[in-house]
1. I'm checking my understanding of the structure. Among residues of the stretch 183-197 that are more than 16 Å from the ligand (Cβ to nearest atom) and small (Gly, Ala, Ser), which one is nearest to residue 507 (Cα to Cα)?
2. Report, by residue number, each residue of the stretch 165-182 that is away from the ligand (no atom under 16 Å from the Cβ) and either of a type in the set (Gly, Ala, Ser) or modelled with pLDDT under 95 (or both).
3. Which is of a type in the set (A, V, I, L, M, F, W, C) and either surrounded by 23 or more Cβ atoms within 10 Å (Cβ to Cβ) or out of contact with any strand residue (DSSP E or B) (no Cβ under 8 Å at 6 or more places or on another chain) (or both), of 307, 326?
4. Looking only at the stretch 336-385, count how many residues are charged (D, E, K, R) and away from the ligand (no atom under 16 Å from the Cβ).
5. Cβ-Cβ under 8 Å, sequence separation 6+ or interchain: first residue in the stretch 14-26 and touching a residue at least 60 places away in the same chain (Cβ under 8 Å), partner assigned to a helix (DSSP H, G or I). Which pairs?
6. Would you mind finding the one in 148, 142 that is modelled with pLDDT of 95 or more and within 16 Å of the ligand (Cβ to nearest atom)?
7. Cβ-Cβ below 6 Å, separation at least six or inter-chain, first residue in the stretch 360-376 and under 22 Å from residue 86 (Cβ atoms), second in a loop (DSSP other than H, G, I, E, B) and hydrophobic (A, V, I, L, M, F, W, C): which pairs?
8. What number of residues within the stretch 65-85 are without any contact (Cβ under 8 Å) to a residue 60 or more places away in the chain and hydrophobic (A, V, I, L, M, F, W, C)?
Amino acid sequence: MTGLTRYPCNDALAQHLDDLPDLKTLFRQDPSRGERYSLDAAGLTLDYSKNHLNEQTLALFARLAEEAGLEGKIKAMFKGQPINHTEGRAVLHCALRGSVDSDVMVDGVKVSQEVSQTLAKMATFVDSLYQGRWLGFTGKAITDVVSIGIGGSFLGPKIVTEALKPFWQRKVAVHYVANIDGAALADKLAGLDPQTTLFITASKSFGTQETLSNSESARDWLKAAGASFEDLAKHFVAVTANVPKAEAFGIAAQNCFPMWDWVGGRYSLWSAIGLPIALAIGMANFEALLAGARDMDQHFVSAPISANMPALMALIGVSYINYQGASSHALLPYDHGLRALPGYVQQLDMESNGKGCHQDGSAISHLTGPVIWGAEGTNGQHAFHQLLHQGKQLIPADFILPLESHYKLGRHHAMLASNCFAQSQALMQGKTLAEAQGELRQAGLGEAEVAALAPHKVMPGNRPSNTLLMDKVTPQTLGALIALYEHKVLVQGLIWDLNSFDQWGVELGKVLGNAVLDKLEDQSQPLDLDSSTNGLIARFRQQQQKGGAL
Ligand SMILES: O=P(O)(O)OC[C@H]1O[C@H](O)[C@H](O)[C@@H](O)[C@@H]1O
């Protein structure tokens, strides 16, 4: 069954999308199409003209938005209602950047007050490290900060820190460790001095195996260098919603930065989880990041659907997923600094909308969150663009390009931009058999060769994409860009009537993992699982026996 049958506009939308002319025809019919379907907001420009849409499509999108009750549901989020109903929580990451009314309260506490107090605490912390006032256990100033976290406690801070390298203050060096693979931490610690290294244990739950194990190993590293248990307070701070657990680990309460249940992990970079960002770029730039997101919030809550950047991207995506069979979406940042953006949006989108049941618990009968993937351009052109151009599946793409680079290097930026623009152009216009034959004849091939080769050079075209531009990658434009994707995910989740803010799907693997770990570490334990898992455990045990003790 095509489409979203719960909505009255479904059949009209499905029929309309089937009847739409191809992109080349739409561009031929309307010479000003590029301009007509471009939109500015919060320092970004969205060129959505290379999508399967026209004015009638936009009208149907507006009907779908209306029938999905988007406006009221968005307002409910900003008002602090417990829209994350399976966990009974509000969803107020927008409060972290000042986009929520000052009277909004959760559990009797004004969220805006919590936010401003935490920002002040962050500023004091950053300043103390910048001024060399925070001393390690031998009295030396801290030079390196390692943020230990995973998922939402890692991906957001890492992508923002990387993307804003031109804004680094270089007062302390900021590092990230996420994976439980010992190589990640060992590799990082190898280059650091325990006397001048401080760790941030970033974990909303303070219960994530990877983060706790890495923090314990970091603690051992400090102790091996001569630090006492009391000294740990000089080398650890925590960002968590569970201060008692942090204190039990040995982190002083005054060194804990709060997180709250009304901020989801994948929406938390704007909170104290963003402490490593603030250390890297300075508090003023961190505030600018928040300001950019706030600008996008303001646009999102005030612009009509037909001129609402996040809503348009969401509805265009829904039209491909639910009416044209797309199951993935490519993010193609033409900016080396944004190379980790696809990985960030993977968690944001796939952990939010990779769901199979509606808010009421009934099974969903249509596709929901797409697989998000991608890589920096132009690297992707030499890796997977072949499939985008000639493969058999519809993969909508978002091209992202700053119009100006921070790095003035000859013609490099013009060449990067030309590739970015040409790729979306090629996806849209393709190459017909006649065009391919003409080129081969032009090259002097005989008819037999032309007949044999031309079909392999045909590109169907009519493949949709968005192009997002900003003048430059700055804290402000990056904040707006990330908020744009947050709101796109929200709108799609609302249209699919699912809960974008829980993540029950990650629980089973964790539970099973603990049982397997026991059998890996205690070889006397019976192999009483399925034959595949038993076999895998047996192989691991054999290798361990070959290599000595665990
Ligand atoms: O911040 P923590 O509580 O350590 O959680 C870290 C991550 O753990 C899980 O993977 C959740 O699915 C993520 O949403 C979360 O960001």
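1. Only one residue fits best here, namely 183.
2. Listed by number, the residues that qualify are 173, 182.
3. So the residue among 307, 326 that is of a type in the set (A, V, I, L, M, F, W, C) and either surrounded by 23 or more Cβ atoms within 10 Å (Cβ to Cβ) or out of contact with any strand residue (DSSP E or B) (no Cβ under 8 Å at 6 or more places or on another chain) (or both) is 326.
4. 3
5. Note: pairs meeting the criteria are 14/323; 17/57; 17/319; 17/323; 23/428; 23/429; 24/428; 24/429.
6. After applying the criteria, what remains is 148.
7. Filtered contacts from the stretch 360-376: 368/496.
8. The qualifying residues number 1.
The values are calculated or read from the model by the stated rules, or taken from the named source; none is laboratory data. Treat the numbers as computed from the prediction; the structure is a model and nothing was measured. Every residue, glycine among them, receives a Cβ derived from its backbone with ideal geometry; neighbour counts consider all protein chains shown.
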